[in-house]
Amino acid sequence: MELSLREIAQFVDGRVIGDEGIMIAGVNSLDGAGPGEISFFADRRYKEGLKKTKASAVFVPIEDPSFKRHQVVVSNPELAYAKVAGLFAPPVPRYPGLSEGAIIHESSEIGENVSIYPWVYIGKDAVIGEGAVLFPGVFIGHRVRIGKETLIYPNVTILHDCLIGDKVIIHAGSVIGSDGFGYVRDGSTSVKIPQTGIVQIDDHVEVGANSCIDRAALGKTWIGRGTKLDNLVQVGHNVVIGEDSIVVAQAGISGSVNIGREVIMGGQVGIADHLEIGERAMIAPQAGVAKSIPPGGVVSGTPAIPHRLYLRAASLMSRLPQLNERLRDLEKRMERQEKENLGKQEQS
Amino acid sequence: MELSLREIAQFVDGRVIGDEGIMIAGVNSLDGAGPGEISFFADRRYKEGLKKTKASAVFVPIEDPSFKRHQVVVSNPELAYAKVAGLFAPPVPRYPGLSEGAIIHESSEIGENVSIYPWVYIGKDAVIGEGAVLFPGVFIGHRVRIGKETLIYPNVTILHDCLIGDKVIIHAGSVIGSDGFGYVRDGSTSVKIPQTGIVQIDDHVEVGANSCIDRAALGKTWIGRGTKLDNLVQVGHNVVIGEDSIVVAQAGISGSVNIGREVIMGGQVGIADHLEIGERAMIAPQAGVAKSIPPGGVVSGTPAIPHRLYLRAASLMSRLPQLNERLRDLEKRMERQEKENLGKQEQS
Amino acid sequence: MELSLREIAQFVDGRVIGDEGIMIAGVNSLDGAGPGEISFFADRRYKEGLKKTKASAVFVPIEDPSFKRHQVVVSNPELAYAKVAGLFAPPVPRYPGLSEGAIIHESSEIGENVSIYPWVYIGKDAVIGEGAVLFPGVFIGHRVRIGKETLIYPNVTILHDCLIGDKVIIHAGSVIGSDGFGYVRDGSTSVKIPQTGIVQIDDHVEVGANSCIDRAALGKTWIGRGTKLDNLVQVGHNVVIGEDSIVVAQAGISGSVNIGREVIMGGQVGIADHLEIGERAMIAPQAGVAKSIPPGGVVSGTPAIPHRLYLRAASLMSRLPQLNERLRDLEKRMERQEKENLGKQEQS
């Protein structure tokens, strides 16, 4: 596929400096791009890359006289790049129609233009929205609803009654709707609390590979519209995550945590149960969150504390040996002073 | 299904205050319950919920005059709730009999009333106990034994020779019997140590989704009766976990760790290899355990230290900047004192 | 299978002390071995085990007069053990040929002696090397290349265009080639950056169970020859790992990290994006690496610092309450000194 620079500029609301008529066949990094490709320059750190790139055109934030080929001025070059890359990206390979090797319960409702690969199991009264793609090994439990144009990669398990929105992407191996981890102690044994709620995943959510989202004990575990979860993420029962949040790989969210919108959670973060994480909070990687975070709060460390305080504390942690030395030194000097003063008192 | 309050009270050994004849159709939280449902009141924190609930009946630890409908007095309301919820929970959906879409080796032994979904692979000389349920995509290696009424969710892999007890639950995507991570260095290359042991999982164990339990190098990796593992847990080769222990999500246990009974391990805990974790030990979330823990020990932090000490140390960590300030202040004052004393000595 | 002690000694370049003609039927630990088995003695800590073992023969680093049966002197007994264990280990069970229950695209190329179990999906133009084994539930995307004698356990997903070398082992449930986690913010929403690169895994790599290796945004994510990844490991897009490195379970490597050869990374380590980890660096378990590590660097802690410094700092962390006490004590004494000196000044 090829697009003219004019078409591309229109698509991202940009202004061409150079020849609108040149044809673009793909996107690439400054380093990797060759003739016929468009790249982006977002940041002075890549000034050298801009000089050396062989790209035919570059998205720039302001006209850059040092680049002698074609430019498209846009407010956010990286965003323009992402959008145009989406135009050129190869489509997800679709199985043509419904494989005879799949098992689709007769009571289920399959939308138009759905692609179902072999060895997909679709339970009773399930609904698969128009244009969805289900890869091999996907299990869809009874009464699950999958939205339109949703993409479910191989070996994903979605258990009974869960609700998945439109244009959701669930990467391979993830499990949606496994039982929450709930027991009551009876003497030394653990009695299972039946987990009879569901998982609801709203439109435009993306779930990484081998992640787990547990069903609620009662009610629902709920991932808000546009939120993106990375790989190997754990979401406990009855967790609510607001819209447009980001959860990086291997983070774990304990049961009944309530997370606001546009929260950013770093990799390997752990959040204790029943906390409130305010909207737009930011949690640094590996932080261990043991108490609620107000809206806009930025925290780091285990136990997590405000990020600024953490930075100072962390730098002092590595200087503890010096602190200890200084303390010892003071103790010696103090002893000397005390002795001297005592000596004087005895003299006097 | 409906049960009379009398039947419910008998089932949990409780005493009815109110009308034993009313019919109950389900369980729910205080907030969520409506007429015909029973809930539980375990804790004064939920006093407000008890006042407002629309439940027809509530499990209570002692008679509560503020609740005007029906009460069932039990020693542990949450436990009574869990048990009764089990009565009302919908049964796991069973495939009727053995699917023709499964591959079941002719030498295997399949018990009565087993449910095998399509695309289940059962190897040579495997044994599947009475009443077990195997969902689609389950792989059962040669000579594996699965106990009675054991439940194995979709896309679980159980490799050759592993032994799974009765009434075990293994959630979707978990892997039992993958090779332990063992190599010997030969110059710069890693020579694999063949992992020829097995995994043994005893009765009433529950394994969460996408967890991994590695087979032993020699002998067995062993999960004791009644122990519950959450999602994304890693159990290394030759680990032994005693009975009725709890391992929360994303915890990782290195090879040859020996864990006692009734141990509780928080989320994202890591345990170094070859340690002994005494029975009833408790390990706080995200702790990094670098040495053995005596029975009943409670530890936190990385490296893990006794929990009480940790609490004081952790609170001081965030106050390190102040400690540093105090140290600086003392140094200045010390210098002043020393100068003054020196001045006096010179004067005298 | 049985081998004479002579054959075994030749295989590992060892020297027999005792009867070369005895027959050995297997390997085992000192504790577990019985007659007909060979074990190894690598370390004085196991002196007691050597005395008590019932093994017929033992690999030793130097002749040991205390062991009265047969010995094989080798430079590295554990390595000799691993190699000989490999001879005795049962072979991986192979499906005879290509199952009719698999779906193999007609355009794909399947080498000699390949074993393909049922419910394996092989996409367009894929290449499967001679002698490879693909277990049930394996998904192989379009144009994927699998090398010779590579072993892919059940329910592994390898997405389009990824390249897997010879003699690679990928354990159950792992996902190779899922999309990298890349978005650009557009106001509050996250716009996906198409991930159009690949994953390349070189010869002799082993990937644990339920691990995830994301495809590059552009270019490739690359795991070098001989590197071993444990279970539940996360490798972000565009990561490069050199040859013969070791990554222990649940470690997570953020995007575009460049890791040298022979690096050892402990369990649950996290590495921030775009860092350089020099060759032969060692990273202690649970460390949080926030800046690059020079070749040979050894780091611990979060944020990671040189290991020696960490050891001193960590031991002081748990003594923070005492440090605080000492500080308080000094403050009191200082006040007393200051008062006394002030008193003297006023007196004089």
**Prompt:** Each label point is 7 Å from the Cα along the Cα-to-Cβ direction; what then is the distance between the points at residue A:336 and residue B:63, in nm?
**Reply:** 7.8
**Message:** Keeping every protein chain present and rolling a 1.4 Å probe, give me the accessible area per residue for the range B:187-302 in Å².
**Reply:** 29
**Message:** Please report, for residue C:97, the nm distances (one decimal) from its label point, 7 Å out from Cα along the beta-carbon direction, to the equivalent points in the remaining copies, shortest first.
**Reply:** 3.0, 3.0
**Message:** What does the buried accessible surface come to for C and B, summed over both chains, with the probe at 1.4 Å? Round to 100 Å².
**Reply:** 5100
**Message:** With every protein chain kept in place and ligands, DNA and RNA left out, what is the accessible area per residue of the range A:3-88? Probe 1.4 Å, answer in Å².
**Reply:** 51
**Request:** For the protein assembly as shown, just say rounded, prolate or oblate: build the C-alpha gyration tensor, square-root its eigenvalues into a ≥ b ≥ c, call rounded for a/c under 1.5, and beyond that prolate if a/b exceeds b/c, oblate if not.
**Result:** rounded
**Efficiency of FRET from Cβ geometry, residue A:44 and residue B:307, R₀ 56 Å, rounded to 0.05** = 0.70
**Asked** According to a simple spin-label model (label point 7 Å from Cα along Cα-to-Cβ), what is the distance in nm between residue A:10 and residue C:19?
**Response** 9.1
**Asked** In the range C:3-88, with Lys and Arg counted as +1 and Asp and Glu as -1 at Cβ, which of these residues, C:82, C:14, C:29, has the Cα nearest the positive end of the dipole, that is, farthest along it?
**Response** C:29
**Prompt:** Per residue in the range A:194-220, which ones lose no less than 20 Å² of accessible surface when going from chain alone to all protein chains (1.4 Å probe)?
**Reply:** A:194, A:196, A:206, A:209, A:210, A:212, A:218
**Message:** Let me check I've understood the local charge: for residue C:30, count other residues with C-beta under 15 angstrom from its C-beta, Lys and Arg +1, Asp and Glu -1. What total comes out?
**Reply:** +2
**Request:** Give the whole-number value, in cubic angstrom per residue, of the convex hull volume spanned by the C-alpha atoms of the range A:150-199.
**Result:** 77
**Asked** Considering only Cα-Cα distances, which of the following residue pairs are longer than 29 Å: B:220/C:148; B:220/C:52; A:148/A:192; A:54/C:220; B:192/C:52; A:47/A:167?
**Response** B:220/C:148; A:148/A:192; A:47/A:167
**Item:** residue A:106-residue C:2 FRET efficiency (beta carbon distance; Förster radius 56 Å; 0.05 resolution)
**Value:** 0.45
**Message:** Distances in nm, one decimal, shortest first, from residue C:113 to the same residue in every other copy, taking the label point 7 angstrom along Cα→Cβ.
**Reply:** 4.9, 4.9
**Prompt:** Looking at the square roots a ≥ b ≥ c of the eigenvalues of the Cα gyration tensor of chain A, which shape do they give, rounded for a/c under 1.5, prolate if a/b is larger than b/c, or oblate?
**Reply:** oblate
**Prompt:** Considering protein heavy atoms only and a 1.4 Å probe radius, which residues within the range A:51-84 exhibit an accessible-area decrease of no less than 50 Å² in the full assembly relative to the chain by itself?
**Reply:** A:79, A:82
**the range A:98-204 - charge dipole about Cα centre, Lys and Arg +1 at Cβ, Asp and Glu -1, debye rounded to 20** = 380
**Exam field: residue A:11 pseudo-label spacings to other copies (7 Å along Cα-Cβ), nanometres** = 5.9, 5.9
**Message:** Can you give me the C-alpha center-to-center distance between the range A:302-335 and the range A:51-79, rounded to a whole angstrom?
**Reply:** 48
**Asked** Which of the listed residues, B:190, B:42, B:95, is farthest toward the dipole's positive end in chain B, when Lys, Arg count +1 and Asp, Glu count -1 at the beta-carbon?
**Response** B:42
**Message:** Through the Karplus equation 6.51 cos²θ - 1.76 cosθ + 1.60, θ set to phi - 60°, convert the phi angles of the range C:183-194 into ³J(HN,Hα) values in whole Hz; use x for Gly and Pro.
**Reply:** 9, 10, 6, 10, x, 8, 9, 9, 9, 5, 8, x
**Asked** What size of dipole, in debye to the nearest 20, comes out for the protein assembly as shown about its Cα centre when the only charges are +1 on Lys and Arg C-beta atoms and -1 on Asp and Glu C-beta atoms?
**Response** 3520
**Request:** State to the nearest 20 debye the size of the charge dipole of chain A about its Cα centre, where the only charges are +1 on K and R beta carbons and -1 on D and E beta carbons.
**Result:** 1280
**Request:** Would you calculate a helix-derived [θ] at 222 nm for the protein assembly as shown, using -39,500 (n - 2.57) for each DSSP H run of n ≥ 4 and dividing by the full residue count, to the nearest 500?
**Result:** -6000 deg cm²/dmol
**Message:** Using a loss threshold of 20 Å², tell me which positions in the range C:228-245 are less accessible in the complex than in their chain alone. Probe radius 1.4 Å, ligands and nucleic acids ignored.
**Reply:** C:228, C:230, C:231, C:232, C:234, C:244
**Request:** For residue B:339, go through the lysines and keep the ones whose alpha-carbon is under 26 Å away, minus same-chain ones fewer than eight residues off.
**Result:** A:332, A:339, A:344, C:332, C:339, C:344
**Asked** So how far apart, in nm, are the two label points at residue A:325 and residue B:258 if each is 7 Å from Cα heading toward Cβ?
**Response** 4.3
**Message:** What does the C-alpha gyration tensor say about the overall shape of the range C:3-88? Classify as rounded when a/c is under 1.5, otherwise prolate if a/b is larger than b/c, or oblate.
**Reply:** rounded
**Item:** Rounded percent of accessible protein surface that carbon and sulfur make up, the range B:78-147, 1.4 Å probe
**Value:** 47
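The values are calculated or read from the model by the stated rules, or taken from the named source; none is laboratory data. Quick caveat, the model's predicted, so the values are computed rather than measured. So basically every Cβ, Gly included, is an ideal-geometry build from the backbone, and we count neighbours across all protein chains shown. Each accessible area value is taken on the protein alone, full model and side chains, heavy atoms only, with ligands, DNA and RNA left out. Shrake-Rupley method; radii C 1.70, N 1.55, O 1.52, S 1.80 Å.
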